[in-house]
Amino acid sequence: MFLGPLDINFIMKILPNLLLGAVMTIKLTFFAITLGTLIGLLVALAKISSFKVLRWFGGLYTWVIRGIPLLLQLMFLYYGLPFMGLTLNEFTVAVIGMSICGGAYMAEIIRAGIQSIDKGQMEAALSMGMTYPQAMRRIILPQAYKRLLPPMGNEFITLMKDSSLVSVICMTELLRAANLLQNATFRPIEIYVSAGILYLMMTTFFTMVVNRLEKRLAVSEGN
Amino acid sequence: MIKVQNIIKDFGKLKVLKGINLEVKQGEVVVIIGPSGSGKSTFLRCLNHLEAINSGNIFFENQPVGFNQTPEGKIVPIKGKELCQLRSQMGMVFQRFNLFPHMTALSNVMEGPLTVLGKAKPEARDLALELLSKVGLSNKADNFPSQLSGGQQQRVAIARALAMQPKLMLFDEPTSALDPELVGEVLSVIKKLATEGMTMLIVTHEMAFAREVADRVIFMDEGKIVEMGSPDQIFTTPRHPRTREFLSSVLRGYEKIPYPQVG
């Protein structure tokens, strides 16, 4: 099979468009990670709460969101909500959809991380007179954070790649930028190889940041 | 200082505490001994409401712990703030130290005064350094728990509890997780506290230590206080057959108990 030589000149011509898409991908991922982590933390805390209603809600949330494809959720938000009187722009829909979905996965990771911390830590904190939120914030979460980092890093990378799904709701991120170029020029090899390399660069950079953080945290406990 | 009235605690079908009554006065050192599974640790953990009791009353300086009984006889849980306030006045030392691994020894000791009491950093630091030197670990202030031996970790844990300037200290088998050669250093810190007049409740398997430090010894078995008395009385003339049986099995080999003939 002949792949044909990659035309560097053509790549240079499409690169600005692809880079614009990549910037949007980064933007989406950044917002989705921030919001998603917040949602994940709240849902995780709900799931281990002593209040039955909160536990029930947390369980329902992860059950529903993890059980339905992100693609369908995005389409519902984008095409469905306007029928219910709520029209949001593409960017908002994309961020909300990705955050809600990422949050459900992160909730499970965070819950497992919190529960992996020895029970004696919470008891020691409470026995000093700390409130539950104080114990969580000062004692449990800082320890859980370290254990959470590798699986959370994975989740962040997944989220970055899944951001390509929002191309279906006309959000011009990297994949849709590539698709638009493809429709206009019909040179899929240069276009998709370039886009793939850009994705790879972004995920690699992310992995490196997470690894660096992990190493720094290991040092901070003196082992 | 602390008054316990007929407390009952069960884990599902398992009855762990079957009606415990006890009153501890200020400055008193009470040592609780007994076989494993007798409810000693659970009892201690009920006192600061790490475990919720099923019924009964606990009063710490006349304030109810965990639950309160209304004049109509209804049992209601006390407010979170009040509970924290009560707990902050009772120091607890755990079998497995439970130091915070992400903090240095110094930060561990500073944590309570900073977070719970809201003290200023320099003040908390001075107090923490003073307490670390009291337990003989001034030179380990900047070490993380993972860099300390078990005995050192437990001494930091004692300093951490003392940093709250508690009125009462609860020790839950403080030396059970230690290598034998490290037991002495922890016990000597506790002894020092006893001579300073700290009110303490100590669950331990160290009989020689119990005899030396206790004002009162309690023998617990199967969720009940079987026998209570001065250390001399319990260790030399135990009255209850279960106490005798227990003591003879744990003391076998290095301390002889004269057996009064029961007839």
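A few comments on the model shown:
- Of all residues in region A:82-101, those that are farther than 21 Å from A:Lys161 by Cα have Cβ atoms under 9 Å from Cβ atoms of residues that are part of a loop (DSSP other than H, G, I, E, B), 6 or more apart or on another chain, in A:Pro82/A:Leu88.
- Here A:Phe10, A:Phe57, A:Phe83, A:Phe76 are screened, and the one residue that is within 29 Å of A:Phe205 (Cα to Cα) and part of a helix (DSSP H, G or I) is A:Phe10.
- Flag for B:Leu148 being surrounded by fewer than 24 Cβ atoms within 10 Å (Cβ to Cβ) and away from every other protein chain (no Cβ under 13 Å): no
Residue by residue, here is whether (1) among the hydrophobic types (A, V, I, L, M, F, W, C); (2) more than 18 Å from A:Ile169 (Cβ to Cβ); (3) outside any loop (DSSP other than H, G, I, E, B) holds:
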residue: A:Leu19; (1), (2), (3): yes, yes, yes
residue: A:Met24; (1), (2), (3): yes, no, yes
residue: A:Gly40; (1), (2), (3): no, yes, yes
residue: A:Val43; (1), (2), (3): yes, yes, yes
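- Considered as a group, the residues in region B:79-97 that are part of a loop (DSSP other than H, G, I, E, B) and either at pLDDT 80 or above or at the interface with chain A (Cβ under 9 Å from one of its Cβ atoms) (or both) include one that is farthest from A:Gln143 (Cα to Cα), and that residue is B:Gln89.
- Looking across region B:103-114 at every residue that is surrounded by 21 or more Cβ atoms within 10 Å (Cβ to Cβ) and in a helix (DSSP H, G or I), the one that is nearest to the other protein chains (Cβ to nearest Cβ) is identified as B:Gly112.
- Scan of region B:1-36 for residues that are touching a residue at least 12 places away in the same chain (Cβ under 8 Å) and either at positive phi or part of a loop (DSSP other than H, G, I, E, B) (or both), ordered by number: B:Met1, B:Asn6, B:Gly19, B:Lys25, B:Gln26, B:Gly27, B:Glu28, B:Gly34, B:Pro35
- When B:Phe59, B:Phe43, B:Phe100 are screened for being in a strand (DSSP E or B) and aromatic (Phe, Trp, Tyr), only B:Phe59 passes.
- Condition check for B:Leu117: outside any helix (DSSP H, G or I) and either among the hydroxyl-bearing types (Ser, Thr, Tyr) or over 24 Å from B:Glu185 (Cα atoms) (or both): yes
- Some residue of region B:56-66 being within 10 Å of chain A (Cβ to nearest Cβ) and modelled with pLDDT of 90 or more: no
- Within region A:75-105, the set of residues being of a type in the set (Ser, Thr, Tyr) and farther than 14 Å from A:Ile33 by Cβ comprises A:Tyr78, A:Tyr79, A:Thr87, A:Thr92.
- Across region B:36-79, the number of residues qualifying as among the aliphatic types (A, V, I, L, M) and over 20 Å from B:Leu14 (Cβ atoms) comes to 5.
- In region A:87-123, the residues that are part of a loop (DSSP other than H, G, I, E, B) and within 14 Å of another protein chain (Cβ to nearest Cβ): A:Ser116, A:Ile117, A:Asp118
- The residues listed here are A:Val166, A:Val209; of these, the one that is away from chain B (no Cβ under 14 Å) and either in contact with a Leu (Cβ under 9 Å, 6 or more places away or on another chain) or closer than 30 Å to A:Phe76 by Cβ (or both) is A:Val166.
- Residue check for A:Met201: part of a helix (DSSP H, G or I) and modelled with pLDDT of 95 or more: yes
- Going through (1) surrounded by 23 or more Cβ atoms within 10 Å (Cβ to Cβ); (2) at pLDDT below 95; (3) within 9 Å of another protein chain (Cβ to nearest Cβ) one by one, B:Ile53 falls short only on (3).
- Complete set of residues in region A:38-80 that are closer than 25 Å to A:Lys119 by Cβ and among the β-branched types (Val, Ile, Thr): A:Val43, A:Ile48, A:Val53, A:Thr62
- Any hit, region B:152-159, residues being within 29 Å of A:Arg216 (Cβ to Cβ) and surrounded by fewer than 21 Cβ atoms within 10 Å (Cβ to Cβ): no
- Residue that is nearest to the other protein chains (Cβ to nearest Cβ) [pool: residues in region A:124-135 that are surrounded by fewer than 19 Cβ atoms within 10 Å (Cβ to Cβ) and part of a helix (DSSP H, G or I)]: A:Gln134
- Flag if A:Pro142 is modelled with pLDDT under 95 and either in contact with a helix residue (DSSP H, G or I) (Cβ under 9 Å, 6 or more places away or on another chain) or on the phi > 0 side of the Ramachandran plot (or both): no
- B:Gln89 meets all of the listed conditions (1) surrounded by fewer than 19 Cβ atoms within 10 Å (Cβ to Cβ); (2) touching a strand residue (DSSP E or B) at 6+ places or on another chain (Cβ under 8 Å); (3) without any contact (Cβ under 8 Å) to a residue 60 or more places away in the chain but one, namely (3).
- Of the residues making up region B:5-50, those that are under 15 Å from the mean Cα position of the chain (by Cα), of a type in the set (A, V, I, L, M) and away from chain A (no Cβ under 14 Å) are B:Leu22, B:Val24, B:Val29, B:Val30, B:Val31, B:Ile32, B:Ile33.
- Yes/no for A:Ile139 being closer than 30 Å to B:Gly91 by Cα and touching a Phe, Trp or Tyr at 6+ places or on another chain (Cβ under 6 Å): yes
The values are calculated or read from the model by the stated rules, or taken from the named source; none is laboratory data. It should be emphasised that the depicted structure is a prediction, and the values quoted were computed from it without experimental measurement. Glycine gets a Cβ as well: all are built from the backbone with ideal geometry, and neighbour counts include every protein chain shown.
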